[in-house]
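Asks: Got a structure for you, written out below as structure tokens; questions coming shortly.
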Amino acid sequence: MNDTPKPEIEELLSALIDEDASERQKTEFKRLLQHEPALADQLAALRHQKQLLNALPIEPAPESLLADIKAAMERNLILGDYRESSRSVMGAGNLLLRRILTVAAMLLLPLGLLGVVVFEILKPPAEISSYVPAKQTLADEHTASSLPSVPAAPTPPFEGFLVFKTSQPMAVGNFIEKKVFDIGLIRFMVPNRIDDTMTYQITAPAEKIAELVDALQPVWPRCEQVILNVYNSANKQTIEIPNVQPEQISTLAREDSPELLARLAVRYASANLKRDDSYAGRPAGIENQLSDNIYPELNPPILTGRYAPNQTTPVLEQPVKLHISVKRNAE
Amino acid sequence: MAFFNHYSETKSFDDITLVRQCQRGDSKAMDCLILKYQDRIYNTILKICQNRDDAAELTQDTFVKVLESIQSFSGRSSFYTWLFRVAVNLTLNHCRKRFKTTAVSLDAANEHFEKDKERLVSMLADPNGPDPAEIAQQKELAQIVVNLIGQLPQDFRVVLVLRDIEQMSYAHIADVLELEIGTVKSRLSRARMLLRELLEPVLT
């Protein structure tokens, strides 16, 4: 016979020793007892066992328990364990956020580096820089041979280097700056100063350059020498125009054909050399006595319709460059 | 301190009154609750975890946890049930961790258990069987019985301790363990049978 009763019999015996059995269960037990008398012994053993467990002595809790509990609660209060436990939830949130940000950073960093590499590969080729150290550029500005041999692309139709040699460089420089500001070219201008030379590099539409040059007319009488070097993109040389006049600069600035510009510059240079009565160097105030037509009129075929006197000047979209230098006249 | 100088004095205060006083910050009421239940909690934990130091620490943790959150006690179940629920949960968690850390020493424990069993059998050699109360009152023998209880699977052990030692009702056990009463009865009957198998050489 198997001593181990079935689970349902186990529960029946358990209910009986707990006096929790229903009448139906008691009847069932009596019925089972007739077929299996050993169940009576099992019931007795379980009762014996329960009595044994019920009678197990109670061990007193440690005497220091009350004091220990109060000390622990006080310690928790002082150390802020309550707040710590509540903060731990927030800390877990922050930790999660930090982990997410870390993962994001780990993903984005290589992507960023990859993007830079791809950009470096795919970006259009950089413009050929005509960078020359500023000091060298300024020092050599008035000499044709040392002008930038490789101009920035695209080459502006007109790029001139206007040099004012004067014994009053500060007054002339201030006047130029004021006019640049008045005309609204200040944002197109890059000023610089090295030693006694002030330079202003202006990149603006030809009309604006012409307007500026016109406004600078009072500068001429205060200068002993005014020279314009015009860059000839055809042969990458410059054409020096001595004693250049404001109207000539305006005309050259408006010309958008490099060939015509070069021819016009050569013509002005030649004409100016023949004249020694330019009003540069004359006392201030007499400039208005000078006639506007003392310089040769250009033949219309040369201008090929791009510019003719008394006609509306076409507005060129492409900006032109004018470098103005104001130098102290050492002579 | 004369207010609760003796354990029996604390029994004169009903739990809900003491809890309300605790919630108002009455430290004497808190002491009363501790003194009222400390022995029962300690013994229950000790029977489950089988280690006095652990039982003392777990009893302390139980009261600290309950008293620190006494403001949240709404009275849906009795304080007694709540206290035992916290105690049993802490103890079971502790036992699970300890089981993981001491699994390698199970063989040694079994060897120790067999020695205890043989010792108990030899001490109770009377063929008519000893009186259970007498066995229980002998400290060494009682300890052997407790050790045998400790050999039961944890889920069965807890139910057996709460019913046959702490003498809780089925309903209370179900509340404490958050189980169905049927599950409690089933586990209890299984636990009793398993313990009987362990004690049979001694008690028959």
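Values in this text are rule-based calculations from the coordinates and carry no lab data. Predicted model, so just to flag it, every value in this text is computed and none were measured. Glycine gets a Cβ as well: all are built from the backbone with ideal geometry, and neighbour counts include every protein chain shown.
Asks: Neighbouring Cβ atoms within 10 Å as the yardstick, rank B:K185, B:K139, A:K70 fewest first.
Replies: With the fewest neighbours first, B:K185, B:K139, A:K70 line up as B:K139, A:K70, B:K185.
Asks: Mind sorting B:T62, B:T183, A:T203 by how few other Cβ atoms lie within 10 Å of their own Cβ, fewest first? Mind showing how you got there, number by number?
Replies: Details: B:T62 26, B:T183 14, A:T203 18.
Fewest-to-most Cβ neighbours within 10 Å comes out as B:T183, A:T203, B:T62.
Asks: Also, quick follow-up: Please report B:M168, A:M170 as a ranked list, fewest other C-beta atoms within 10 angstrom at the top and most at the bottom. Can you show the working numbers first?
Replies: Details: B:M168 22, A:M170 12.
Going from least to most buried by this count: A:M170, B:M168.
Asks: Any of A:K30/B:K139; A:K165/A:K236; B:K28/B:K97; A:K50/B:K28; A:K178/A:K327; A:K50/B:K139 with alpha carbons more than 27 Å apart? Name them for me. Could the numbers behind the result be given before it?
Replies: Values: A:K30/B:K139 38 Å; A:K165/A:K236 25 Å; B:K28/B:K97 35 Å; A:K50/B:K28 37 Å; A:K178/A:K327 18 Å; A:K50/B:K139 18 Å.
Check vs 27 Å cut-off fails for A:K30/B:K139; B:K28/B:K97; A:K50/B:K28.
Asks: Now for a different question. Calculate, for B:T17 and A:L79, the FRET efficiency according to 1/(1 + (r/R0)^6) with r their C-beta to C-beta distance and R0 25 Å; round to the nearest 0.05. Walk me through the numbers before you get to the answer.
Replies: Working: r = 31 Å, r/R0 = 1.25.
It comes to 0.20.
Asks: Would you calculate the separation in nanometres between label points at A:D195 and A:A67, each defined as 7 Å from the Cα along the Cα-to-beta-carbon direction?
Replies: Rounded to a tenth, the inter-label distance reads 9.5 nm.
Asks: Just the Cα atoms of the stretch A:1-66, one point each, no solvent: what log10 I(q)/I(0) does Debye give at q = 0.24, 0.29 Å⁻¹?
Replies: The Cα Debye sum returns log10 ratios of -1.07, -1.35.
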